[in-house]
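Report on the structure given below.
The values are calculated or read from the model by the stated rules, or taken from the named source; none is laboratory data. Computed from a predicted structure; not experimentally measured. Neighbour counts are summed over all protein chains in view; Cβ atoms, including those assigned to glycine, are modelled from backbone coordinates with ideal geometry. The accessibility values were calculated without ligands, DNA or RNA, using every heavy atom of the protein model including side chains. Shrake-Rupley method; radii C 1.70, N 1.55, O 1.52, S 1.80 Å.
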Amino acid sequence: MTARKRNWLLAIGLAALAGTIGLVLGASALRDRIDPYARQQVMEYLSRRFNSDVELRALHIGIPRTSMLRLLWTRGRGATVTIEGEGLELRSKRPQDLAAAGSTPPLFAIQKFACEINVDDLYKTPKLVTHVSLEGMDIRVPPPGERPTFSAQPNSGDVRSAGSNGGPNTGVIIQEVTIQHATLTLLPRDPHKIPLQFIIQHMRLESVGAGSGMKYEASLTNAKPPGNIQSSGTFGPWSAQEPGETPLAGEYRFDKADLGVFNGIAGTLRSTGRFEGKLSAINARGDAFIPNFRLRIAGNPVPLLLHFAVLVDGGNGNTILKPVVATLGSTNFTTSGGIIRHEAGLPRAISLDVSMPNGDLRDVLRLAMRGEPFMEGRLALKTKIDIPPLTGKMREKLKLDGHFEVQEGKLLRSTIQNQLNGLSRRAQGNPQGGETDQAVSQMAGVFQLDNAVIRFSQLSFGVPGANLALAGSYDLDTEGIAFGGTVKLQATVSQMVTGWKRWALKPVDRFFEKEGAGTFLRFHISGTSRKPKFGLDLGGH
């Protein structure tokens, strides 16, 4: 080999070595440049987007596995960088929070996150992030008015007004987000009240353009009643200055929800509907069906269908009904009110107003009492229902206050009906009449239920030949009856008996004729609903 050829080979070898060293140094320089820049961009984006202080435990940058020469030659075009992080926390920048920074719960907490971005997009504005995945996320939304107004910083380059939602333009567009195992907590204004919380198993969000909400599909776990909710719709854009003002809309399906977790009721609920509003106030409309709804005190299943419109107030945890149209068996009624008084350590209380203009009495009795209904008829009912936070038996907590009227009522061959049949025959002056069921011409009352006892301040009903007015109480636990009242009979005392007694009693008829009645009597009822005992109070005549 000539000296000249050796020199050429040596030059080529040195050039190759220099090129290899250059590629290694270039790759190292590229990594050293991307790593801190990516971290800075992540921290800056999160701080600007959510107007919060950012803490990040770890960040890992994945450089694409490709030729460094190609990467340097194309300046990263077509190559994707992966960014993975752990222990991300965002805390509000409110002045009152600064002294307690690190001790107050974060606005956002994310166990793990990962995203992908083209290398050349790292140095562009806006930056396009193709995909972000989040795992183990906890979002805590403060009540309205407790976040500072966001003010854009004029010297921050890409921070400026984002339009209608008043948020910052961060210079970042995210195409897709997937979330696994997240909790959304809406904090109430009153710190003593329990926050409203949603458990999100899985959510996928897809961007539809800058400054617009993202399309989403989500699977949520409902705590009470337990069940899975499938939902889709739009979410956002996120409001940095007031997270509770972030808009959302969509539709949902809730299946196989077990109502048995609540004290006093049972059944399996399914519901579909639509909703819209903002995180702090959601309006929902839909239908719910419980084919086997029942009260535990009775145990009789009755189908219940609901058409509802509700407002869920994230600021105080209240759910306001406005109103609900329901069908219980074949009986239609409406209810309005809310699930309120969301006190710490206790479930929500319920306060409702119920109106039933023309119901089937058997539906109501089948729901409220054990066994088959003892009476039929048409029922008009208005009542207020209050259920304080339940810590004991349902019947001990349920409170009612209202009035009712029964038309065309009939007791269905019970001991009471037999007693009333005999009373009706005698009241009409026909004490030897046959055994027949008699229609109760009218029944009405004013009642209150408290601590499992129904008290009737007014109760009246009539059978042919007799009208009764009474007051008293009925114990739901013991089925005990304690009533007293008056009865006006069409017949005189003598007409209610037969044989020689009829003639013997004629002289006393005038002592019992009063207020236009042939006979006016005071009476009382004691015993139980199964074995009532009737008695006359002659001394009070």
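Assorted remarks:
- Residue within segment 161-178 that is open to solvent by 20 Å² or more (accessible area, probe 1.4 Å) and modelled with pLDDT of 85 or more present: yes
- Condition met for residue 209 (modelled with pLDDT under 75 and open to solvent by 20 Å² or more (accessible area, probe 1.4 Å)): yes
- Residue count for segment 496-524, restricted to those that are in contact with a Lys or Arg (Cβ under 7 Å, 6 or more places away or on another chain) and either farther than 25 Å from residue 457 by Cβ or open to solvent by less than 40 Å² (accessible area, probe 1.4 Å) (or both): 3
- Residue, modelled with the highest pLDDT, within segment 322-339, restricted to residues that are surrounded by fewer than 17 Cβ atoms within 10 Å (Cβ to Cβ) and under 15 Å from the mean Cα position of the chain (by Cα): 336
- Only listed residue being among the small types (Gly, Ala, Ser), in contact with a helix residue (DSSP H, G or I) (Cβ under 6 Å, 6 or more places away or on another chain) and open to solvent by less than 50 Å² (accessible area, probe 1.4 Å), chosen from 466, 471: 466
- Segment 378-409, subset open to solvent by 40 Å² or more (accessible area, probe 1.4 Å) and under 12 Å from residue 359 (Cβ atoms), residue modelled with the lowest pLDDT: 407
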